[in-house]
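As structure tokens, the structure follows; a few thoughts come after it.
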Amino acid sequence: MMRPLVAVACMALSSVLCAVEPSTLDPAGARRAADLAAQLRCLVCQNQSIAESNAELAVDLRRQIDEQIRAGRSDREITDFMVARYGDFVLYRPPFKLSTLLLWLGPVLLALLALLILGRTVRARRARPVPVPLTTAERDEATRLLENGKSGDRR
Amino acid sequence: MRKFALYLLPLAAFLVLAGFLLRGLSLNPREVPSALINQLAPDFKLARLAQPQETFAPAELKGQVWMLNVWASWCVACRVEHPLLVQLARSKAVPIVGLNYKDTPDAALGWLAQFGDPYLFSVTDRDGRVGIDYGVYGVPETFVIDAKGMIRYKQIGPITEEVWRSRMLPLIEELRRS
């Protein structure tokens, strides 16, 4: 009789313990922590940020962020801390540097290329000779030929 | 002639794309290049697993090439790697220090008793803080550290026979010579 009760109590307690992550940050600090966590990629489940992931590493890293904010570190110092350990890969917004040049400038280059092709196409179309309107004599000739063609069909 | 070249353009674009995709097939997105290569191994001072009253710091192994192997009793891939480590220990290929990551001493000691202990000794990183300093995100991971205390290589996931023979052993031999 006792055992099921204890089990239920344990389950209820564990859900409470798991649901609330102890954070003793003031509201502003908590907002900073959440912002930082949302900008950092979780390396275990790579398509989630540290804020979204429930992987143990993500939990640990959120704790790191909390602790560092409490210690008075700046956002920059905290992201530098992460990059020093996990590389640029942890940043959802990669830094602008030589190895990421193509990543950042690629879209601009493609857009320029598209504009270039568009410009050339338009110019080529403009350079095409404009058809000269027919003179009356030519029009009559054309009508005659067309009529002839019709009668030819009838044959 | 120009027209003809224009018709070949889609084919060229396709080939370029196919080339990139083909390369992507053999890349492992889980292997993130370590930011710590050619950096000093982060310092720590941790209790030893078997003798908790004794500690270990990486500086104690200065002057020799060694490996830091991150493992845990809850880690399945560690079991895959373990026989190779035991074999390396038996042949005295390289000193291996274990970093017992987010584990309980009882479970860890039991695991070593069951599968064999290839480590010079293991140190305990119960809350994973040293793991974070080393950029650990998947266990097992192994760091090759040179005589000056610099990290020269990081293996993410189990060391396989092939990786050992083709990459780690040659590197260790080269580091010993220099």
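So, in the range B:20-34, exactly how many residues are within 13 Å of residue B:156 (Cβ to Cβ) and either surrounded by 10 or more Cβ atoms within 10 Å (Cβ to Cβ) or modelled with pLDDT of 90 or more (or both)?
The total comes to 5.
For the range B:50-77: of the residues being outside any loop (DSSP other than H, G, I, E, B) and aromatic (Phe, Trp, Tyr), which is nearest to residue B:109 (Cα to Cα)?
First pass over the range B:50-77, keeping only residues outside any loop (DSSP other than H, G, I, E, B): B:55-56, B:58-61, B:66-71, B:76-77.
Checking which are aromatic (Phe, Trp, Tyr) leaves us with B:56, B:66, B:71.
Numbers: B:56: 18, B:66: 22, B:71: 12 Å.
Selected residue: B:71.
Which ones in the range A:122-144 are surrounded by 10 or more Cβ atoms within 10 Å (Cβ to Cβ), of a type outside the set (Lys, Arg) and assigned to a helix (DSSP H, G or I)?
A:122, A:138, A:140, A:141, A:142, A:143
Read through the list (1) surrounded by 10 or more Cβ atoms within 10 Å (Cβ to Cβ); (2) in a helix (DSSP H, G or I); (3) within 14 Å of chain B (Cβ to nearest Cβ), then give the number of the only condition that residue A:99 fails.
Result: residue A:99 passes all but (1).
For residues in the range B:129-151 being assigned to a loop (DSSP other than H, G, I, E, B) and among the aliphatic types (A, V, I, L, M), which is farthest from the other protein chains (Cβ to nearest Cβ)?
B:147
If you scan the range B:72-130, which residues turn out to be of a type in the set (S, T, N, Q) and either more than 19 Å from residue B:162 (Cβ to Cβ) or in contact with a helix residue (DSSP H, G or I) (Cβ under 8 Å, 6 or more places away or on another chain) (or both)?
B:73, B:100, B:104, B:114, B:122, B:124
With the structure loaded, tell me whether residue B:70 is touching a Pro at 6+ places or on another chain (Cβ under 9 Å), within 14 Å of chain A (Cβ to nearest Cβ) and touching a residue at least 60 places away in the same chain (Cβ under 8 Å) or whether it fails that test.
Considered against the rule, which asks whether it is touching a Pro at 6+ places or on another chain (Cβ under 9 Å), within 14 Å of chain A (Cβ to nearest Cβ) and touching a residue at least 60 places away in the same chain (Cβ under 8 Å), residue B:70 comes out as yes.
Within the set of pairs 6+ apart or on separate chains, which have a first residue in the range B:115-128 that is within 14 Å of chain A (Cβ to nearest Cβ), a second that is of a type in the set (A, V, I, L, M) and assigned to a strand (DSSP E or B), and C-beta atoms under 8 Å apart?
Partner pairs satisfying both residue conditions: B:125/B:46; B:125/B:99.
Could you tell me which of the residues A:114, A:38, A:51, A:58 is part of a loop (DSSP other than H, G, I, E, B) and either touching a strand residue (DSSP E or B) at 6+ places or on another chain (Cβ under 6 Å) or modelled with pLDDT of 90 or more (or both)?
Working: A:114 fails: part of a loop (DSSP other than H, G, I, E, B); A:38 fails: part of a loop (DSSP other than H, G, I, E, B); A:58 fails: part of a loop (DSSP other than H, G, I, E, B).
That would be A:51, the only listed residue that is part of a loop (DSSP other than H, G, I, E, B) and either touching a strand residue (DSSP E or B) at 6+ places or on another chain (Cβ under 6 Å) or modelled with pLDDT of 90 or more (or both).
Scan the range B:1-20 and give yes if some residue there is within 13 Å of chain A (Cβ to nearest Cβ), part of a loop (DSSP other than H, G, I, E, B) and over 15 Å from the mean Cα position of the chain (by Cα), otherwise no.
Scanning the range B:1-20, I find no residue that is within 13 Å of chain A (Cβ to nearest Cβ), part of a loop (DSSP other than H, G, I, E, B) and over 15 Å from the mean Cα position of the chain (by Cα), so the answer is no.
For the range B:98-114, give me each residue that is under 16 Å from the mean Cα position of the chain (by Cα) and more than 14 Å from every other protein chain (Cβ to nearest Cβ).
B:98, B:99, B:100
For the range A:69-80, which positions are within 13 Å of chain B (Cβ to nearest Cβ) and surrounded by fewer than 18 Cβ atoms within 10 Å (Cβ to Cβ)?
Residue satisfying the conditions is A:80 alone.
The values are calculated or read from the model by the stated rules, or taken from the named source; none is laboratory data. Just so you know, these numbers come straight off a predicted model, no measurement behind them. Glycine also receives a Cβ, built like all others from the backbone with ideal geometry; neighbour counts cover every protein chain displayed.
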